[in-house]
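Beneath this line is the structure, given in structure tokens, with notes to follow.
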Amino acid sequence: MRLHAVPAALLLALGLAATSPARAHDYQAGPLKIGHPWSRATPGGAKVAGGYLTVTNTGTEPDRLTGGTIEAAGRGELHTMSMEGGVMKMAPLADGLAIPPGQTVSLAPSGHHLMFLDLKAPLRKGERVKGTLRFERAGSVPVEFAVESLAAKAPEGAGGKPGHSGQDHSGQDHSGHDHGH
């Protein structure tokens, strides 16, 4: 049997190269660079999951992330988390999240994040889950969320980036906000 070397460019063109969840995956939508969308695995019976990523605006005009979802969820919302009196509180961002020109905005555990509600099935480590991000200017952008471990603080191989505290938000105060429970 004879083995042949296959150029990396051909593997990428065939969609065969980036199959490991540890490998970063990035997307481009006009001047927006979307870095490594990811989520955590969820235990059986969980009805919510978080979505995390970075967005860099390389253009000269602002844009706004207005939401996003995954195929495995009934709906998605954009949320923020804050500390009030020693209690972590979460609230929806009704007006979306500004992406100023020349800046990078991070969605990370314990901060701004996408909330995927009414999960149809658990998210399992190693999966790629198809989703869509919605921007005011760039429109709908199809992406895949890499599913990391249940305890992940950042995407695998990210080296513990600042802002990725890894807190599980399932025990947070959700009073006054309908998560479909």
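The values are calculated or read from the model by the stated rules, or taken from the named source; none is laboratory data. Keep in mind that what you see is a predicted model, and the values were worked out from it rather than measured. Ideal geometry is used to build each Cβ from the backbone, glycine not excepted, and the neighbour counts take in all protein chains shown. Accessible surface is based on the protein model in full, side chains and every heavy atom, while ligands, DNA and RNA are left aside. Shrake-Rupley method; radii C 1.70, N 1.55, O 1.52, S 1.80 Å.
For every residue, the table says whether it meets (1) of a type in the set (Ser, Thr, Tyr); (2) at pLDDT 95 or above.
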position: 103; (1), (2): no, yes
position: 110; (1), (2): yes, no
position: 138; (1), (2): no, yes
position: 142; (1), (2): no, yes
position: 147; (1), (2): no, yes
position: 154; (1), (2): no, no
position: 165; (1), (2): yes, no
Practice task
Give region 122-143 a look and list any residue that's over 13 Å from residue 40 (Cα atoms) and out of contact with any Phe, Trp or Tyr (no Cβ under 6 Å at 6 or more places or on another chain), or say none.
Solution key: 130, 132, 133, 134, 135, 136, 137, 138, 139, 140, 141, 142
Problem - Residues that are in contact with a strand residue (DSSP E or B) (Cβ under 9 Å, 6 or more places away or on another chain) and either open to solvent by 50 Å² or more (accessible area, probe 1.4 Å) or over 14 Å from residue 115 (Cβ atoms) (or both), drawn from region 46-71 - result: 47, 54, 55, 56, 57, 58, 59, 62, 63, 64, 66, 71
Handout entry: Residue tally, condition of a type in the set (A, V, I, L, M, F, W, C) and open to solvent by 10 Å² or more (accessible area, probe 1.4 Å), over region 120-132
Key = 2
Problem - Single residue of 134, 124 found to be closer than 20 Å to residue 34 by Cα, among the basic types (Lys, Arg) and at pLDDT 85 or above - result: 134
Problem - Residue among 111, 102, 74 that alone is open to solvent by 50 Å² or more (accessible area, probe 1.4 Å) and either part of a loop (DSSP other than H, G, I, E, B) or without any contact (Cβ under 8 Å) to a residue 24 or more places away in the chain (or both) - result: 102
